[in-house]
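Have a look at this one before I ask anything.
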Amino acid sequence: MARESKIFLASPHMSDECFEQEYIKQAFDTNWIAPLGPNVDGFEKEVCNYTGANYGVALSAGTAAIHMGLKYLDVKQGDYVFCSSLTFSASANPILYLGAIPVFIDSDYDTWNICPKSLENAFKKYPNPKALITVNLYGQSADYDRIKEVTDRYNVPILEDAAESLGATYKGKQSGTLGNLGVYSFNGNKIITTSGGGMLLVNKLEAAKKIKFWATQSREDLPYYHHKEIGYNYRMSNIVAGIGRGQLRVLDERIAKKKYIYEYYKDAFKDIDEIEMMPTADYGTSNYWLSCITIKRESPVRPKDIIQSLALRNIEARHIWKPLHKQPIFSKYDYFTANDFEESCCENIFNQGLCLPSDTKITDYDLHRVTEVVKGIFSSQLEVGVRNVL
Ligand SMILES: *Cc1c(COP(=O)(O)O)cnc(C)c1O
């Protein structure tokens with residue numbers, strides 16, 4: 001049997017109009033190849049125009065943006081930082097870069113994001129964390145009004161990890177502008193990409209200046225190299241920013257396609273009781289970065305069965321992020337849930353869920369290929385059940 005073309009989970013998707021190449025060509029024509037330059041300034045302004053953020057600082061990665069954000073919030077050795085557990089490790093690694101101590105928080109089933117009750121429980125033991133890192137998982141904003149109701153009482157700033165949620169909204173406001181600081185990622189698999197990069201959003205000009213200073217090796221404004229503070233080489237290059245400017249022009253198209261993919265799956269699986277789509281909260285709009293499903297516990301079909309069957313047909317699917325409190329590197333840190341569940345919410349979502357191909361280049365034919373495989377597994381699930389027992 002001829003192997004059909006690969007279907008990706010999420011891959012870079014440059015504009016049909018080649019906008020990205022125009023900006024890169026300008027950079028070449030003016031020899032503005034070196035770090036910084038007009039594309040970097042332009043990209044920062046254009047992201048702010050799109051999102052309503054006050055200031056953006058373009059950096060080499062979303063992870064670098066989280067690192068700089070925590071540093072700006074004065075996170076130091078021995079400080080506690082609260083962080084969502086159901087996320088990619090990059091949300092929490094910068095806590096360790098700074099010698100601080102992560103405390104992980106469970107999600108809730110309505111949003112898959114930080115559960116305000118679990119957060120409240122964490123504050124009972126640790127009333128003075130330096131910051132809270134919220135994550136807008138798979139493109140959907142956390143419930144900021146409910147989260148802030150808790151953090152405001154303890155006067156704790158929020159660093160919003162919006163790496164996956166550029167273009168999503170919460171009560172009319174853009175994700176990334178909902179916390180005290182916001183982070184975007186332009187990594188290759190995100191909704192738009194610069195090939196690699198990130199941005200830190202801040203409210204004050206002074207903050208933007210300070211972060212640019214740290215991210216360019218903390219060079220004092222003197223005719224010779226003079227350093228009073230530790231520096232980082234974290235700025236985005238002018239070439240990379242050019243790709244970002246082009247990509248930003250098709251962000252709305254990408255969101256529309258991601259939503260189409262989600263709706264396609266939702267419709268295709270509507271008669272399969274064991275499948276539930278990731279819930280969409282009505283307080284905002286998701287950017288539908290990845291379409292995720294969970295399989296009901298009673299079903300003999302396990303996420304890995306689906307992932308393996310799809311892989312055999314050259315189709316890429318993934319497990320849900322494995323919760324950080326379950327990761328060997330983070331397992332010694334505290335973790336808070338709303339109740340003493342046997343299996344907490346994010347553990348359950350990890351055990352029962354998976355991410356389906358959500359590539360914006362995907363065709364209807366390919367979506368059909370995916371859904372046929374999945375449907376086939378459920379219609380022959382007795383067989384799968386038997387296989388699991390054996
Ligand atoms: C991708 C991602 C990051 C890291 O962004 P990079 O640009 O790859 O460094 C951080 N947090 C979350 C939730 C992500 O999905």
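What list of ³J(HN,Hα) values in whole Hz, one per residue of the stretch 332-343 in order, does the Karplus curve 6.51 cos²θ - 1.76 cosθ + 1.60 (θ = phi - 60°) give from phi, with Gly and Pro shown as x?
Along the stretch 332-343, the couplings run 7, 8, 5, 9, 10, 10, 6, 9, 7, 5, 5, 10 Hz.
Next question. Using mean Cβ contacts within 10 Å as the protection proxy, how do 50-63, 250-263 order, highest first? Write out the running numbers ahead of the final one.
Numbers: 50-63: 21.9, 250-263: 17.9.
Final packing ranking: 50-63, 250-263.
Say R0 is 35 Å: what FRET efficiency, to the nearest 0.05, do residue 319 and residue 256 get from their beta-carbon distance?
Approximately 0.85, to the nearest 0.05.
Classify the stretch 117-223 as rounded, prolate or oblate, taking a ≥ b ≥ c as the square roots of the eigenvalues of its Cα gyration tensor: rounded when a/c is under 1.5, otherwise prolate if a/b is larger than b/c and oblate if not. Each step should come with its number before you reach the end.
Values: a/c = 2.24, a/b = 1.28, b/c = 1.75.
Verdict is oblate for the stretch 117-223.
Of 304/326; 130/204; 45/210; 171/296, which ones are farther than 24 Å apart at the Cα? Spell out each step's value before the answer.
Values: 304/326 18 Å; 130/204 19 Å; 45/210 17 Å; 171/296 30 Å.
Beyond 24 Å between Cα atoms: 171/296.
Near residue 190, which lysines are there with a Cα under 16 Å away, not counting those fewer than 8 places off in the same chain?
Hits, sequence-local ones excluded: 257, 258, 259, 361.
Taking N as the number of residues in the chain, what is its Cα Rg relative to 2.2 N^0.38 Å? Write out the running numbers ahead of the final one.
Values: Rg = 21.6 Å, N = 390, 2.2 N^0.38 = 21.2 Å.
Rg over 2.2 N^0.38 Å, computed on Cα atoms: 1.02.
Now for a different question. List the chymotrypsin sites (Phe, Trp or Tyr not before Pro) within the stretch 294-346 that fall in a DSSP loop (any state other than H, G, I, E or B) and whose Cβ has at most 11 other Cβ atoms within 10 Å. Show your work: numbers first, answer last.
Working: sites: 321, 330, 333, 335, 336, 341; in loops: 321, 330, 333, 341.
Answer in residue order: 341.
Here is a follow-up. Which order, highest average first, do 363-374, 347-358, 191-202, 130-141 follow once you tally other Cβ atoms within 10 Å for each residue and take the mean per peptide? Write out the running numbers ahead of the final one.
Values: 363-374: 15.8, 347-358: 21.8, 191-202: 25.5, 130-141: 27.9.
Put in order of decreasing packing, that is 130-141, 191-202, 347-358, 363-374.
Taking every Cα atom in the stretch 245-390, find the radius of gyration and the maximum pairwise distance Dmax, and write them in Å.
16.9, 54
Readers should treat all values here as calculations from the given coordinates under stated rules, not as data from a laboratory. This one's a predicted model, so the numbers in the text were calculated from it and none came from an experiment. We place every Cβ from the backbone using ideal geometry, glycine too, and count neighbours over all the protein chains shown.
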